[in-house]
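Down below is the structure, laid out as structure tokens.
The values are calculated or read from the model by the stated rules, or taken from the named source; none is laboratory data. Note that the structure is predicted; figures quoted are calculated from it, not measured. Here Cβ is always computed from backbone atoms with ideal geometry, including for glycine, and neighbour counts include all displayed protein chains.
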Amino acid sequence: SLARDKIHADLRVACGGRIAEELIFGNDKVTTGASSDIRMVTDMARRMVTEWGMSDKLGFLAYSADEQEVFLGRSVSQQKNVADATASTIDNEVRRIV
């Protein structure tokens, strides 16, 4: 298990490369080098909100991601597990954390 402060520390470390690029080279010279860090940070923040109950706005609840029904290897429909307003709040909380 991970403590909230450890997760936040990991998020800060993962953002360090991109921030260093911006500071040293300027916003116009930022590269794609941080793409895996961006994915990891986004995923971890989303898990904090949707799986680990670490959102003050959404509380101690788990929100599963949209699940797709698969037929013969292809997605034929998508089942929504949260209301649009809740999905928007989840997105906002992820942005706030990152």
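Values as computed for the structure displayed
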| item | result |
| --- | --- |
| The one condition in (1) at pLDDT 95 or above; (2) of a type in the set (Lys, Arg); (3) under 25 Å from Ala87 (Cα atoms) that Lys6 fails to fulfil | (3) |
| Residue ID - surrounded by the most Cβ atoms within 10 Å (Cβ to Cβ), chosen from residues in the stretch 17-40 that are outside any helix (DSSP H, G or I) and not hydroxyl-bearing (Ser, Thr, Tyr) | Val30 |
| Considering residues of the stretch 68-98 that are assigned to a helix (DSSP H, G or I) and exposed (fewer than 10 other Cβ atoms within 10 Å of the Cβ) only, the residue modelled with the highest pLDDT | Ala85 |
| Looking only at the stretch 41-67, and only at residues there that are of a type in the set (A, V, I, L, M) and surrounded by fewer than 15 Cβ atoms within 10 Å (Cβ to Cβ), the one that is modelled with the lowest pLDDT | Ala65 |
